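Colleague: The structure is given below, and queries will be raised subsequently.
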Ligand SMILES: *Cc1c(COP(=O)(O)O)cnc(C)c1O
């Protein structure tokens with residue numbers, strides 16, 4: 001069985017270092033907000049090239065805290081995309097604000113900046129671009145529009161640890177940025193975890209208070225806060241994995257190259273486009289195919305497990321469906337079309353180049369068996385029968 005993601009393989013490839021790090025925490029006697037969390041916050045902030053990191057319980061809470069730190073709650077509208085993990089929208093709603101959706105650039109699967117100005121109202125209080133599948137949003141126009149309207153940008157970087165845009169890493173562009181360390185992410189813990197990063201020291205101080213009961217000093221709440229802390233064991237694991245992140249990301253990119261080369265010439269498959277002046281980290285490798293559901297069934301028979309990220313756009317999910325959300329949201333044509341065509345091929349650093357090639361071969365076999373006339377010469381050229 002070839003899995004779509006495989007956090008166990010990630011653990012095994014760094015096992016002895018991780019085991020040592022966990023043992024170090026167990027023997028330290030300090031399990032919450034000790035030196036591992038502090039060190040990881042510094043190391044991760046340095047990696048992204050920002051001044052502050054605040055470790056939290058998960059990526060959803062990271063977005064919730066960033067919104068709260070920026071003073072965004074009841075009565076506010078927050079612009080984002082519907083083509084994202086539901087967590088982005090869940091955090092906005094949990095903060096008390098209303099999500100307003102703009103459509104995506106279909107070639108890149110990310111926020112289309114040309115839809116932004118139209119979505120801004122006097123109630124708009126923030127924009128959350130999502131760097132989906134490991135690729136940066138086109139940040140320059142997003143930042144320009146946000147600046148023109150005096151709106152903070154909060155980046156959702158949960159799928160893009162290490163991705164770059166122009167001359168910076170994603171997470172270094174917005175007023176604040178949020179990462180998840182869910183086990184399958186490019187930087188994944190062995191449990192839940194997340195972080196908020198920022199260059200603004202007063203926003204950092206607010207986020208730090210908000211993650212622990214609103215405390216400025218112990219036992220005295222200065223603002224109303226919650227409890228969402230990154231724990232010492234996860235921080236110690238993340239410190240190990242951060243040291244391998246660049247190499248693990250480059251393994252993903254190499255695998256993506258095999259998929260690109262093997263699938264790009266097939267007319268019925270669309271491989272993901274790469275943004276110029278940006279380097280992606282292939283959190284996922286997402287293709288579009290009109291015969292998506294048949295292809296999934298075929299691959300599943302061959303022992304290849306693929307997933308759909310995501311089958312139902314957030315604005316069509318029962319909890320967040322239209323109604324109460326503004327009319328502009330009704331024209332999410334590309335978002336809705338994309339959801340019916342996409343599938344995510346197996347993608348994790350330990351997948352192996354031969355396995356990726358096997359996935360390519362099976363997809364080609366599927367296409368050539370369904371459309372013998374159109375695809376035959378292409379398949380002959382590469383020697384696949
Ligand atoms: C994973 C993810 C999140 C939330 O992360 P959790 O740690 O699972 O709460 C938010 N946004 C996106 C785009 C994600 O992929």
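Only the coordinates and a few stated rules stand behind these numbers; no lab work does. Keep in mind that what you see is a predicted model, and the values were worked out from it rather than measured. Here Cβ is always computed from backbone atoms with ideal geometry, including for glycine, and neighbour counts include all displayed protein chains.
Colleague: When both residues are 6+ apart or on different chains and their Cβ atoms are under 6 Å apart, which pairs have a first residue that lies in region 182-209 and is more than 16 Å from residue 242 (Cα to Cα), and a second that is more than 16 Å from the ligand (Cβ to nearest atom) and assigned to a loop (DSSP other than H, G, I, E, B)?
Modeller: Close Cβ pairs (under 6 Å, with a partner that is more than 16 Å from the ligand (Cβ to nearest atom) and assigned to a loop (DSSP other than H, G, I, E, B)) amount to 199/50; 199/51; 209/223; 209/225.
Colleague: If we keep just the residues of region 59-92 that are more than 15 Å from residue 151 (Cα to Cα), in contact with a helix residue (DSSP H, G or I) (Cβ under 8 Å, 6 or more places away or on another chain) and not in a helix (DSSP H, G or I), which is farthest from the ligand (Cβ to nearest atom)?
Modeller: Only one residue tops the list, namely 82.
Colleague: Considering (1) assigned to a helix (DSSP H, G or I); (2) within 16 Å of residue 361 (Cβ to Cβ), say which one residue 287 fails and leave the rest.
Modeller: Failing condition for residue 287: (1).
Colleague: Residue check, residue 131 against (1) buried (at least 24 other Cβ atoms within 10 Å of the Cβ); (2) in contact (Cβ under 8 Å) with a residue 40 or more places away in the chain; (3) near the ligand (Cβ under 10 Å from one of its atoms), all met but one. Which one?
Modeller: It is condition (2) that residue 131 fails.
Colleague: Starting from residues that are part of a helix (DSSP H, G or I) and in contact with a strand residue (DSSP E or B) (Cβ under 6 Å, 6 or more places away or on another chain), keep the ones in region 23-58 and report whichever is nearest to the ligand (Cβ to nearest atom).
Modeller: Going through the qualifying residues, I end up with 44.
Colleague: For region 178-213, how many residues are away from the ligand (no atom under 16 Å from the Cβ), part of a loop (DSSP other than H, G, I, E, B) and either surrounded by 17 or more Cβ atoms within 10 Å (Cβ to Cβ) or within 22 Å of the chain's Cα centre (by Cα) (or both)?
Modeller: So the count comes out to 2.
Colleague: While we're here: Within region 271-283, which residues are within 16 Å of the chain's Cα centre (by Cα) and either buried (at least 24 other Cβ atoms within 10 Å of the Cβ) or free of Cβ contacts under 8 Å to residues at least 60 places away in the same chain (or both)?
Modeller: Matches in region 271-283: 280, 281, 282, 283.
Colleague: Identify all residues within region 111-125 that are closer than 20 Å to residue 320 by Cα and under 19 Å from the mean Cα position of the chain (by Cα); write none if there are none.
Modeller: Answer for region 111-125, where residues must be closer than 20 Å to residue 320 by Cα and under 19 Å from the mean Cα position of the chain (by Cα): just 111.
Colleague: Exactly one condition in (1) outside any helix (DSSP H, G or I); (2) in contact with a helix residue (DSSP H, G or I) (Cβ under 9 Å, 6 or more places away or on another chain) is false for residue 122; which is it?
Modeller: With (1) outside any helix (DSSP H, G or I); (2) in contact with a helix residue (DSSP H, G or I) (Cβ under 9 Å, 6 or more places away or on another chain) applied to residue 122, the lone miss is (2).
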